[in-house]
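Derivation of every value follows stated rules applied to the coordinates shown; laboratory data play no part. Just so you know, these numbers come straight off a predicted model, no measurement behind them. Because the Cβ atoms are built from the backbone with ideal geometry, glycine has one as well, and the counts that use them run over all protein chains shown.
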Amino acid sequence: MTLHFVFWSYFAEVAGMKETEIEVPEGATLEEALEVLYTHFPTFRALKNSTMVAVGVEYSLPTQLLRPKDSVSLFPPVSGG
């Protein structure tokens with residue numbers, strides 16, 4: 001299935017783009033989809049522990065099941081001020 005990935009802040013700089021579409025297996029979890037993403041953007045793996053991930057507009061757990069055409073956003077941790 002095709003997922004739409006959106007990169008914010010330094011993720012866009014590292015990727016050299018703001019968004020892309022990537023094929024992942026049907027019924028993939030968010031964690032499985034991120035593993036596929038890391039094969040395309042290996043540098044993202046090193047940022048894994050400081051990455052916030054949302055599916056649509058909701059922060060998501062790694063176990064979330066994804067649907068075709070879901071939009072997955074990666075962005076740095078947000079802090080208040």
Legend entry - Members of the range 47-60 that are of a type in the set (A, V, I, L, M) and surrounded by 11 or more Cβ atoms within 10 Å (Cβ to Cβ): 47, 52, 53, 54, 55
Legend entry - Subset of the range 52-81 [over 9 Å from the mean Cα position of the chain (by Cα), among the β-branched types (Val, Ile, Thr) and closer than 16 Å to residue 18 by Cα]: none
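Could you please find all residues in the range 1-28 being in contact (Cβ under 8 Å) with a residue 60 or more places away in the chain and either touching a His at 6+ places or on another chain (Cβ under 8 Å) or within 14 Å of residue 53 (Cβ to Cβ) (or both)?
Of everything in the range 1-28, those that are in contact (Cβ under 8 Å) with a residue 60 or more places away in the chain and either touching a His at 6+ places or on another chain (Cβ under 8 Å) or within 14 Å of residue 53 (Cβ to Cβ) (or both) turn out to be 3, 4, 5, 6, 7, 8, 9, 11.
Here's the yes/no breakdown for (1) more than 22 Å from residue 77 (Cβ to Cβ); (2) of a type outside the set (Phe, Trp, Tyr); (3) part of a loop (DSSP other than H, G, I, E, B):
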position: 6; (1), (2), (3): no, yes, no
position: 12; (1), (2), (3): no, yes, no
position: 21; (1), (2), (3): yes, yes, no
position: 27; (1), (2), (3): yes, yes, yes
position: 36; (1), (2), (3): yes, yes, no
position: 45; (1), (2), (3): no, yes, no
position: 53; (1), (2), (3): no, yes, no
position: 62; (1), (2), (3): no, yes, yes
Inset, instruction - State the number of residues belonging to the range 29-49 that are free of Cβ contacts under 8 Å to residues at least 12 places away in the same chain and of a type in the set (Asp, Glu). - result: 2
